[in-house]
1. Pull up segment 258-301, narrow it to residues that are in contact with a Leu (Cβ under 9 Å, 6 or more places away or on another chain) and farther than 27 Å from Leu61 by Cβ, then point me to the one that is modelled with the lowest pLDDT.
2. Thr112 - would you say it is outside any loop (DSSP other than H, G, I, E, B) and among the polar types (S, T, N, Q)?
3. Of all residues in segment 129-150, which are surrounded by 20 or more Cβ atoms within 10 Å (Cβ to Cβ) and among the hydrophobic types (A, V, I, L, M, F, W, C)?
4. Take segment 335-359 and flag every residue that is open to solvent by less than 70 Å² (accessible area, probe 1.4 Å), in a loop (DSSP other than H, G, I, E, B) and either modelled with pLDDT of 95 or more or of a type in the set (D, E, K, R) (or both).
5. Taking Arg64 and the conditions (1) farther than 30 Å from Thr292 by Cβ; (2) in contact with a strand residue (DSSP E or B) (Cβ under 8 Å, 6 or more places away or on another chain); (3) crowded, with 19+ Cβ neighbours inside 10 Å, which numbered condition does it fall short on, given that it satisfies the others?
6. Of the residues in segment 216-238, how many are open to solvent by 50 Å² or more (accessible area, probe 1.4 Å), at pLDDT 90 or above and either among the aliphatic types (A, V, I, L, M) or part of a strand (DSSP E or B) (or both)?
7. Ser207 fails exactly one of the following numbered conditions: (1) surrounded by fewer than 17 Cβ atoms within 10 Å (Cβ to Cβ); (2) of a type in the set (Ser, Thr, Tyr); (3) out of contact with any Ser or Thr (no Cβ under 7 Å at 6 or more places or on another chain). What is the number of that condition?
8. From (1) more than 37 Å from the chain's Cα centre (by Cα); (2) exposed (fewer than 14 other Cβ atoms within 10 Å of the Cβ), pick out the condition that doesn't hold for Asn126.
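The values are calculated or read from the model by the stated rules, or taken from the named source; none is laboratory data. Because the structure is a prediction, the values reported are computed rather than measured. Using ideal geometry, Cβ is built from the backbone for each residue, glycine included, and neighbour counts are taken over all protein chains shown. The protein model used for the area step is the full one, side chains on, heavy atoms only, and it has no ligands, DNA or RNA in it. Shrake-Rupley method; radii C 1.70, N 1.55, O 1.52, S 1.80 Å.
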Amino acid sequence: MRRWTWVLAGAAVLATATVIGGVTVMSRARQETQAAQESPASTAKVLRGDLTAMVSMPGTLTYRARSNGSSYPVINQAGGIYTELPDDGERVDCGDVLYRVDDEPVLLLCGTVPAYRDLRGGEVGNDVRQLNRNLRELGYDAAAGDSFTWRTRNALEALQRDRGADVTGELGIEDAVFLPESVRIAKATGAPGTAAQPGAQVAQATSGTLEVRVALDPSQQAEVRKGVRAQITLPGDESVTGVVDRLGRAAQVSAGNDQDPGEATIPAYIKLDAPERARGLDRAPVRVNITTTGVRNVLSVPVTAIVGKSGGGFAVEIVRADGRRELVAVRLGLFDTAGGRVQVEGGLGEGDEVVVPSI
């Protein structure tokens, strides 16, 4: 409904001359005058097929992290001196050593419950459940469930031995950091040789998977939905495809806009079908075309074939088989900006030749 309202609203302007789809449309009177003066026209066929509408905008390649786009905070719980920290851009897998304090390893374990207590025999809870799951996924014979059993202890001792940690069979709050997945270090905020403070952030982390972030105008929220397809043009003009994975829930104002609500945008995140093709392009600017709607099996003509009627409305000029040129009134539907075509309905059929400007 909104598309038709927009098209009709432009009719009065198009009756004389205006720009539609990036092309100036002339009035009927001027078109008829030119038709009488010009030599045989350049033409294009009326086609039947599918059309899609898109919105185009700039975007940024970035590594996926939390649902709102922010990075995972890596919170240290050990006291002492940082003796080893990961480099920016380094990947750390679940079960690996994340950093060291007083030369003792602090492991990365995967789960959504942060470390908040020491874990030992007899403890029960979701934090124990995710410890057991980590141990099993790392190949150790741990218990299943939310109880810290003798099997949990034996498996944990084996992991500690393999990672060069003190073999205690217990997991102290300072021994590991729990994050939702294996991570890529976005930025180490601590520094080797400085004091490690319990409860302080030591690094910021993301996943190792690239995605594209775009900033939607609030008016585009109704058009851009989760699950719609997108085409991304990478630096070097290489194109990759993706799908809108999630939308931000709150409008954001970028730095430098003095918190003007009129400048607020909604973040949207696009999951790439083949993220490996964008490897090495972190924070690179890209161009994004997001498919917003489509129609199937309709007639269409090039946007350049549309002329404005002096009394209002739109027409195309058809070249008949005997060479006669005739203006035929049409109703406009979906604009396929990527293909440069527009849906039409009226007294024309598939295969008809319509006049287009000469190149």
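1. Val295
2. Judged against the criteria, Thr112 is not a match.
3. Going residue by residue through segment 129-150, those that are surrounded by 20 or more Cβ atoms within 10 Å (Cβ to Cβ) are 131-132, 134-135, 142-143, 148.
Of everything in segment 129-150, those that are surrounded by 20 or more Cβ atoms within 10 Å (Cβ to Cβ) and among the hydrophobic types (A, V, I, L, M, F, W, C) turn out to be Leu131, Leu135, Ala142, Ala143, Phe148.
4. Asp352
5. Of (1) farther than 30 Å from Thr292 by Cβ; (2) in contact with a strand residue (DSSP E or B) (Cβ under 8 Å, 6 or more places away or on another chain); (3) crowded, with 19+ Cβ neighbours inside 10 Å, only one is false for Arg64: (1).
6. 2
7. Going through (1) surrounded by fewer than 17 Cβ atoms within 10 Å (Cβ to Cβ); (2) of a type in the set (Ser, Thr, Tyr); (3) out of contact with any Ser or Thr (no Cβ under 7 Å at 6 or more places or on another chain) one by one, Ser207 breaks only (1).
8. (1)
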